[in-house]
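Student: Below: one structure in structure tokens.
The values are calculated or read from the model by the stated rules, or taken from the named source; none is laboratory data. Only a predicted model underlies this, so the values are computations on that prediction, with no experimental measurement involved. With ideal geometry, Cβ positions are generated from the backbone for all residues, glycine too; neighbour counts draw on all protein chains shown.
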Amino acid sequence: MASTLINVPPKAKRGDIIEIKTLTSHIMETGFRRTAAGDLIPRNIITSFTCRYNGNEIFRADFFPAISANPYVSFFTIAKESGKFEFEWTGDNGFSATASASITVA
Amino acid sequence: MPKLTSTRRDLLKLAGGAAVAGAVPILTLRPLEATPSTLNTAIRNVVGEAQVQTGKVKIDIPPLVENGNTVPMTVSVTSPMTETDHVKSIHVFNEKNPLPNIGNFYIGAYAGRAQIATRIRLADSQKVVAIARMSDDSFWSASADVIVTLAACTEEVY
């Protein structure tokens, strides 16, 4: 299981625009690098990232090899109601990681 | 003197041939580089036949980076982000990496603010292009030039 780091404000006022920051540990091997012996290292990247807020998708991203190792993504959403953010990363070689965070909206 | 002229021609021919022969390996060494035409193809794959206008989009990226392996980048789009007028997606491309795509980011009115940030790899000093798709399916773009001193992607692994 890859380690992930999520930053969601624990509390917000209804209607506030909040920033969500996410970080995942992953090598993001581009598939263009070679070993000293000249062998191509196969691609191994995260290809997709999704964030759901109480079940509704609020953010999705397609990643390419040009995304740095340990992908960092930040985005915004409107705090509508208390509940849960669920994060999901999927990638090459069956890679899958999930994380979640709660928010209290007053 | 005709003899000398012909020798000089031969020499020039030889030199020209050597230059051509020398140029071929240089060209074949970098077949995977995203040329501006592959950049255009990648952009067309996203926007189709639609016209891409310049404006509304802003790329925040350092103009000079030491390490192309991790370049912080923020893309923001000027939009009221209402149900009727918002940004649907942001697409980021590059000119000279082995692949022209960097990432696609899908948002909506519920985002409140059309802004995303990530860290990218750049294999060379080049142009980065961001394109935003609006709710009315119009496309807006911005580009930024970045000078990279240490390139990403191409180094060997020991």
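Student: Tell me which residues, restricted to segment B:86-109, are over 16 Å from the mean Cα position of the chain (by Cα) and either modelled with pLDDT of 95 or more or β-branched (Val, Ile, Thr) (or both).
Tutor: Listed by number, the residues that qualify are B:HIS86, B:VAL87, B:LYS88, B:SER89, B:PHE105, B:TYR106, B:ILE107.
Student: Could I ask something else about it? I'm told B:ILE26 meets every condition in (1) loosely packed, with under 15 Cβ neighbours inside 10 Å; (2) out of contact with any Pro (no Cβ under 8 Å at 6 or more places or on another chain); (3) at pLDDT 90 or above except one. Can you identify the failing condition by its number?
Tutor: Checking B:ILE26 against (1) loosely packed, with under 15 Cβ neighbours inside 10 Å; (2) out of contact with any Pro (no Cβ under 8 Å at 6 or more places or on another chain); (3) at pLDDT 90 or above, the one that fails is (3).
Student: Hey, could you check segment A:50-91 for residues that are under 13 Å from the mean Cα position of the chain (by Cα) and part of a loop (DSSP other than H, G, I, E, B) and say which is nearest to A:ASP16 (Cα to Cα)?
Tutor: A:PRO71
Student: Tally up the residues in segment A:49-88 that are of a type in the set (Lys, Arg) and within 7 Å of chain B (Cβ to nearest Cβ), please.
Tutor: Residues flagged as of a type in the set (Lys, Arg) and within 7 Å of chain B (Cβ to nearest Cβ) within segment A:49-88 amount to 1.
Student: Next question, about the same structure. Name the single residue, out of those in segment A:29-49 being of a type in the set (Val, Ile, Thr) and either part of a strand (DSSP E or B) or in contact (Cβ under 8 Å) with a residue 40 or more places away in the chain (or both), that is surrounded by the fewest Cβ atoms within 10 Å (Cβ to Cβ).
Tutor: Only one residue tops the list, namely A:THR35.
Student: While we're here: Of all strands (runs of 3 or more DSSP E) completely enclosed by segment B:77-145, which ones contain at least 1 residues that are within 9 Å of another protein chain (Cβ to nearest Cβ) and surrounded by 22 or more Cβ atoms within 10 Å (Cβ to Cβ)?
Tutor: Strands (runs of 3 or more DSSP E) meeting the threshold: B:87-94, B:101-106, B:115-120.
Student: Return yes when B:ALA123 is assigned by TED's automatic domain parsing to the domain that holds B:ASN67 and modelled with pLDDT of 95 or more and no when it is not.
Tutor: no
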